[in-house]
Each structure stands twice: as C-alpha cells, then as structure tokens.
Amino acid sequence: MNLFAGLEEIVKFDEPLAPYNWFKLGGPARYFVTPRNLDQLKQVIERCNENHVDVKILGRGSNLLVGDEGVDGVVIRMTDKYFGQISIEGNTVCAGAGASINRLLQVCARAGLSGMECLVGIPGSVGGAVKINAGGRFGDIGSFSHSVSLMDSSGYQFVRPREDIYFGYRETNIMAKLILSAEFTLTPDDPEAIGRTIKEVWMLKKISQPMSSRNAGCVFKNPRALSAGALIDQAGLKGLRLGGAQVSERHANFIVVSDGATASDVLKLIDQIRQQVQRRFDVELELELEIWR
Ligand SMILES: Cc1cc2nc3c(=O)[nH]c(=O)nc-3n(C[C@H](O)[C@H](O)[C@H](O)COP(=O)(O)OP(=O)(O)OC[C@H]3O[C@@H](n4cnc5c(N)ncnc54)[C@H](O)[C@@H]3O)c2cc1C
C-alpha cells in the first residue's frame, strides 16, 4: 500500500526530526509531510485516518522533545507559507497556524494593534501557541482569541468561538487534531508605544532566560502558587548535568543541551529533577514540555 500515492512531492521518508526542533534532538519520522495547501492537508489527514496511522502535528518545535527512536508514524509540519498567512480587518487579526508568533507580533505592532506584546520571545507558531495557551507573566494568547478554526482527525473542518474554548494555564480544551488558524481581537494603540513595550518585555526575557542556547523553554509547569524554577533551584539542582543535558544556570526551569547530547540525556535529567523536587518539597512537577516517543 502506498499511503501517499500522488502526494510524493510533500512527503519525506525517515526524515530526521532534530533539525525541526529547538533542542535539535531526536530520531526520524517515518513519514514527514509538509502540505502546501488545505486540500493536500485534508487528503493526508483522511488517508491516515482511514489507514489508522498515528499523526502528530509539528509547529516550530519549540516546546518539544523528540525521543532518540523518533516517531513511527506521520509528522505533519504546518509551516508552509500557505498556513502562515496573516490578515487584518479593523481590530481583528486572522493568523494561520503556521505563522510565527514573532511575525504576528511585528504585523500587529505595525498596524497599531496592541495585546500580543505579552508573547514577545516565544519562538513558536500560532498553532502551537494556541494549543497550550502560550504566554507569560504579562498575559497569554487565549486572552485575545476570538475564535479558532480546526480540523478533526477525519478531515472535518469547523470553527470554535471563544466561549467554547477553555484557555487555562498552559492548557486548553482543544481536542481537534489540527488548529488551522485563529482570530484575535486587539486594541488600537500607538505603534511606537507598542514597539517600546515589545523591547521592554524582550529585555526582561533576555535577562532571565537562556535565549541563545539549545532549549525548549520551561520544562515544567509552575505548581499552584509556586515557581517550578525556584523549587529546582532550592533543591540545589541548578547546573546539574547528565550527559549533554544540563539544568540551566540562568533559569532552573530550563534544560539546555550541548553537542553530543541525546534525548535520553534530557529524559534522565527530567526524571532526576522530578524525583529530587518530590523528595525535598513533596511537590510533583508536571511537564510543560511535550515528549514524542
Ligand atoms: C527560548 C524559548 C522561550 C520560550 N518562552 C515561552 C514563554 O514565555 N511562554 C510559553 O508559553 N512558551 C514558551 N516557550 C515554549 C514554546 O515556544 C511555546 O510553547 C510555543 O507555543 C510552542 O509552539 P510551537 O509551534 O513551537 O509548537 P511545537 O513545539 O511544534 O508543538 C507543541 C505542541 O503543539 C502542537 N501543535 C503545534 N502546532 C499545531 C497545530 N497547528 N495544530 C494542532 N496542534 C499543534 C504539537 O502537536 C505539540 O503538541 C519557549 C520556548 C523557547 C525555546
């Protein structure tokens, strides 16, 4: 059976996933698909559904750890420019799932639309950000979301209005396989003022996070009213190294990796951190990072 007959131009076999994620780690995807339009995407989804093939959706790989064995199924990458279109009508911005948060911010700032500044420094895609309600201490993407356009695993497309979506702390109730695009309602403001806020938030992130190293952002969610980073720090784990993976010296809730690291090093370090924090503070750390294995 040729699962992707007629779609060969958008399918790669045994494609290494390391170049597509921020840790630059992990094995290959059995099938790596980069659809160039909605019709191709729908065909891929339908065929996988009919043939019971596991599908994973990849954004910009900035919240992911791919296991060393890779993914024995289909990985669909949503970053073709077709899925990254951004349009503005009045105060409403519609962004394709593949658009980078960074570009979305720039487009909104230029158009004098404020709100997205809280997402400065998040290197993900709109789809990845909506999926887990990405954000930080200044706000999250769910606060501005007006509606989200989705596709389920049978290829059926539908739109969910804001009222139907729960945007919690680094989680949503979006169960559909694919986020296609999202609409955001923003507030008109002076583009220069927006630009200044972007710079300020960026400086704060740069000071507190290891932005230039190989990492995937915060590894753990903050437990209720506590800081995961502070707990890891107080457990004396800052700087702890296992193989090529290390607890960041700058921010203890980040794991940074060096040349020669494997996904297995990161997984072992995650286990160590969890065990020690549990032993020391009786707190169970929950992953923010997603693991594919
Ligand atoms: C240096 C650095 C700083 C960071 N700072 C922050 C921060 O301040 N706040 C924060 O919240 N996060 C932060 N992150 C984490 C990350 O950038 C966000 O979680 C981001 O939203 C992930 O988007 P992505 O496109 O990279 O998703 P990926 O990592 O590719 O995927 C993450 C999840 O989203 C799903 N997904 C992606 N696209 C789609 C889609 N179109 N449809 C359905 N599911 C999809 C994937 O299947 C996976 O489950 C940071 C990461 C780094 C490396």
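Membrane-span-like helices in the chain (whole DSSP H runs, Cα extent of at least 24 Å along the helix axis, mean Kyte-Doolittle hydropathy of at least -1.0): 191-208, 263-281.
Residues considered: N215, N173, N63. Largest GNM mean-square fluctuation over the chain, using C-alpha springs under 10 Å, is found at N173.
Expressed as a whole percent, the accessible area of the range 83-208 that falls on carbon and sulfur atoms is 52 (1.4 Å probe). Using 1/(1 + (r/R0)^6) with R0 = 25 angstrom and r between the beta carbons of N2 and K81, what's the FRET efficiency to the nearest 0.05? Once the sixth-power term is evaluated, E becomes 0.35.
The relative contact order of the chain comes to 17 percent, based on Cα pairs under 8 Å that sit 6 or more residues apart. Among residues other than A5 with Cβ under 15 Å from its Cβ, the summed charge is -3 (Lys and Arg +1, Asp and Glu -1).
Taking Cα centre as origin and charging only the Cβ of basic (Lys, Arg, +1) and acidic (Asp, Glu, -1) residues, the dipole magnitude of the chain rounds to 700 debye.
The sum of -39500 (n - 2.57) across all DSSP H runs of n ≥ 4, divided by the residue count of the chain, sets its helix-only mean residue ellipticity at 222 nm to -8000 deg cm²/dmol.
Rounded to the nearest 10 square angstrom, S208 shows an accessible area of 40 square angstrom against a 1.4 Å probe. Note on D233 and A111: their simple-model spin labels are 3.8 nm apart, each label 7 Å out from Cα toward Cβ. If you plug the beta carbon distance of D164 and S208 into 1/(1 + (r/R0)^6) with R0 = 30 Å, you get a FRET efficiency near 0.30. What's the FRET efficiency of T92 with A225 using the Cβ-Cβ distance as r and R₀ = 30 Å, to the nearest 0.05? E between T92 and A225, to the nearest 0.05, is 0.30.
K12: which lysines have alpha carbons under 26 Å from its alpha carbon, excluding same-chain residues fewer than 8 sequence positions away? Within reach: K24, K42, K56, K81, K131, K177.
The values are calculated or read from the model by the stated rules, or taken from the named source; none is laboratory data. Computed from a prediction, not measured in an experiment: that's the story for all the values here. Methodologically, a virtual Cβ is constructed for each residue, glycine included, from the backbone with ideal geometry; neighbour enumeration extends over all protein chains shown. What goes into the accessible areas is simple: the full protein's heavy atoms, side chains included, and nothing from ligands, DNA or RNA. Shrake-Rupley method; radii C 1.70, N 1.55, O 1.52, S 1.80 Å.
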